[in-house]
Amino acid sequence: MTSRLAVFFFALSTAVVMVLIPAAKDQTACARNMKTITDAAGRTVTVPVPAGRVICSGPGCLRLVVYLQAADRIIAVDSMEKDISSGADPRPYALAHPELRNLPMFGEFRGMDNPELIAALAPQPEVIFKTFASMGHDPDELQKKTGIPVIVLQYGNLTGYRYQLDQSLEIMGRVLGKSKRAEEIIQFFDDQIADLARRTADVPQSAKPACYVGGISYKGPHGFRSTEPDYPPFEFTRAWHPANSARPTAGPVSHAQVAREQILAWNPEILFLDLAGTVSNPGASALDELHTDPAYQHLDAVDRGRVFGLMPYNWYGQNFGAIFANAWYVGKKLYPEKFSDIDPGKKADQIFSFLVGRPVFERINAMFGNRVFEQVMEQKGD
């Protein structure tokens, strides 16, 4: 009799557990609300909030999710995140989160999504974030083919299109349940810019050496003539860079090719060099040009060895942490007395630790021959 009762109560308790477990799952599902979000394209999209599983399409999109401390929500990546062919990958978010490389692939880079691969993902993403909506699949078409809500974002930048960057962080923050973190990131950017501005506010124009940055990457490596008239580190440190005054339009200009003769005419006192091409374009990088092009030998900065290496920042979208790290180094080289308390490498790691969760400066520096934030050409002598 006792054994029969034991079996009865065991069966009853098992039945209760079997009933309670689905109920607990239902409560978890109900804890999320379906909300209508207006994306950067003005589209209204209904999504579960907070979204637990997402994918990111387009340059820079995954970077912002990492900034928002939601890397664990990513369930698949594009081909860029899995490509190791270049031998160097100075994207801080990718270095800080190598686990992302092991996720399934849902399409090619630059927004060339594959709806069939997305449909085959298990579990399915609840939301697709998409930057640079004109690349690859049209967002509405992608949403229709996959049945998954697509939220369009404008990546923006830290200067003329800062409002787009802030808006994207805010939209993603709402969808991911990370609105507080989005506010912290926006405030962090504001604080960095304000501190740089405060240190350089009283520097008279006469005390500012003319400078130029060359070798800026733009959808691949470029030579020394490649620059950015609105280069943020120069803007934030109130630098005197003639390329800004020579801009072809009144609005923001993210990339320009300057004539060699114009660079010689400016003859900047200090040259900065984006080191991206030294790895991705060996033998024909901007640094190689400074060593071998006879015309550049007439630049005073080349003769005096006043050429300094900067961290590549334009790598599958702008790496905002690298931009700020470069700004602190630029400030220290232009106005040493104003930045005497700054160790650029340590400052870089403080920035990376906040944005991507880990200090990765030394790993990036090693990729470029330990020339980041260093003099990259020796003085020729008398």
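The values are calculated or read from the model by the stated rules, or taken from the named source; none is laboratory data. What you see is a predicted model, and the numbers here were worked out from it, not measured in a lab. Ideal geometry is used to build each Cβ from the backbone, glycine not excepted, and the neighbour counts take in all protein chains shown. Quick note on the areas: whole protein, heavy atoms, side chains included, nothing else; ligands and nucleic acids left out. Shrake-Rupley method; radii C 1.70, N 1.55, O 1.52, S 1.80 Å.
A few comments on the model shown:
- Relative contact order for the chain: 15 percent, from Cα pairs under 8 Å spaced at least 6 residues apart, divided by residue count.
- Gained length - Leu103 relative to Ser340, 0.36 nm times residue gap less alpha-carbon distance: 81.0 nm
- Sorted largest first, extent of region 164-295 alpha carbons per principal axis (Å): 56, 38, 26
- R0 of 35 Å, Cβ-Cβ distance Ala201-Asp303: FRET efficiency to nearest 0.05: 0.60
- For region 103-206: rounded, prolate or oblate by the Cα gyration tensor [a/c cutoff 1.5]: prolate
- Normalised radius of gyration (Cα atoms, divided by 2.2 N^0.38 Å) for region 201-243: 1.30.
- Computed E for Ala259/Asp190 - FRET, C-beta separation, R0 35 angstrom, nearest 0.05: 0.45
- Gain upon complete extension [Lys82, Glu141; 0.36 nm per residue less C-alpha separation]: 18.7 nm
- Across the chain, the longest piece that holds none of the trypsin sites (Lys or Arg not before Pro) lying in DSSP loops with up to 10 other C-beta atoms within 10 Å covers 1-218.
- Region 232-344, accessible surface, carbon-and-sulfur percent (1.4 angstrom probe): 48
- For Gly215, net neighbour charge (Lys/Arg +1, Asp/Glu -1) across residues whose Cβ lies under 11 Å away: -3
- Accessible area of Thr36 (1.4 Å probe, protein heavy atoms only, ligands and nucleic acids ignored): about 90 Å².
- Between Glu183 and Asn33, full extension at 0.36 nm per residue minus the direct alpha carbon distance yields a gain of 51.8 nm.
- Surface analysis of the chain yields an accessible area of 45 Å² per residue, using protein heavy atoms and a 1.4 Å probe.
- Ordered from longest to shortest, the equivalent ellipsoid semi-axes for the chain are 48, 21, 20 Å, each the square root of 5 times a Cα gyration tensor eigenvalue.
- Measuring between their Cα centroids, region 292-321 and region 135-175 lie 33 Å from each other.
- Tensor-based shape of region 151-224 (alpha-carbon gyration tensor, a/c under 1.5 rounded, otherwise prolate or oblate): oblate
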